[in-house]
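The values are calculated or read from the model by the stated rules, or taken from the named source; none is laboratory data. Here the structure is a predicted model, which is why all the values come from computation and not from measurement. Note that each Cβ is placed from the backbone with ideal geometry, even for glycine, and that neighbours are counted across all protein chains shown.
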Amino acid sequence: MHLLSFEEALRRHASLRDEALLTAALEMLWRAYRYAADSGLDAWEFAVEIDEFRRAQVSHSELRWLLSQGYAAHAMETASAEGRRRFRLAHCGLLGASSCFIIAEAGVALAESLNVAVPSTKLDGKKSTTRTIELGGAKRRSTVDAKPNWDAQRRELWIDGRLVKRLRQQSSNQQAILDVFEVANWPSRIADPLPLQPGQCPKRRLHDAVKCLNRHHRHEAIRFSGDGSGQGVLWERIG
């Protein structure tokens, strides 16, 4: 069976425009995603910096279009801590020198549906374990179990088609944590996303926010916890 190159495949995909530059952008994001998956690390550890796109002559317009279509996710990189890269949520249209990008679920589904030929990124001969799950009515391959979904507009947290929690009132700390998990495609850990506040202990503030996240669940399927350092949040499936 003939495998198409990214350029050939995307030229046949009617919804994509400016194929050459979009091909370069998607291929860069897809390659980073594969490296992260095969290394067993969070996708944001391999996030692509905006300078890399500039060197590939991908403009801000192409990046904004990918973000608007849900093919990519965007965050601003902050100072690294404990050997991990750290990010804060960013509006899709506000690009800056610290902007970084990962391929989003829709981008992964597109790349896989195109059956493109990409260089193998398997490390040390290791192979990923995959299984088939349902996504948007079509089957696709995934290296992870079904993940939660945070609907920021409705302030609802879902998993497996069931409502876990609904925030009836604005809760900036809880929402900030859920926003970052959603943008990052639900890695097992995120760094503390809460902005510093004068007179407040960051570790205590994060601890209290995590406690609140675990309250008033309608469906007990998710548990949030601190990472032990006071600087990160974990989540896990339960039940």
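In table form, for the structure just shown:
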| item | result |
| --- | --- |
| Pair list, Cβ < 8 Å and 6+ apart or interchain, from segment 194-219 residues that are more than 28 Å from Trp158 (Cα to Cα) to residues that are outside any loop (DSSP other than H, G, I, E, B) | Leu196/Pro202; Gln197/Arg205 |
| Subset of segment 59-75 [assigned to a helix (DSSP H, G or I), in contact (Cβ under 8 Å) with a residue 40 or more places away in the chain and under 16 Å from the mean Cα position of the chain (by Cα)] | Leu66 |
| Residue pairs meeting the criteria (Cβ under 8 Å; at least 6 apart or on separate chains; first part of a helix (DSSP H, G or I), in segment 174-192; second surrounded by fewer than 20 Cβ atoms within 10 Å (Cβ to Cβ) and of a type in the set (Phe, Trp, Tyr)) | Ile177/Phe224 |
| Conditions (1) basic (Lys, Arg); (2) assigned to a loop (DSSP other than H, G, I, E, B); (3) surrounded by fewer than 12 Cβ atoms within 10 Å (Cβ to Cβ); number of the one not met by Arg218 | (3) |
| Conditions (1) under 13 Å from the mean Cα position of the chain (by Cα); (2) modelled with pLDDT under 85; (3) surrounded by fewer than 21 Cβ atoms within 10 Å (Cβ to Cβ); number of the one not met by Asp179 | (2) |
| Every pair of residues 6+ apart whose Cβ atoms lie under 7 Å, when the first sits in segment 95-106 and is outside the structural domain of Ser68 (by TED's automatic domain parsing) and among the aliphatic types (A, V, I, L, M) while the second is outside any helix (DSSP H, G or I) and surrounded by fewer than 18 Cβ atoms within 10 Å (Cβ to Cβ) | none |
| Filter pass, Gly239 being in contact (Cβ under 8 Å) with a residue 12 or more places away in the chain, in contact with a Lys or Arg (Cβ under 7 Å, 6 or more places away or on another chain) and either within 21 Å of Asp151 (Cβ to Cβ) or surrounded by fewer than 17 Cβ atoms within 10 Å (Cβ to Cβ) (or both) | no |
| Options Lys139, Lys147: the member that is at pLDDT below 95 and over 24 Å from Trp44 (Cα atoms) | Lys139 |
| Tally of residues being assigned to a loop (DSSP other than H, G, I, E, B) and at pLDDT 85 or above across segment 43-58 | 1 |
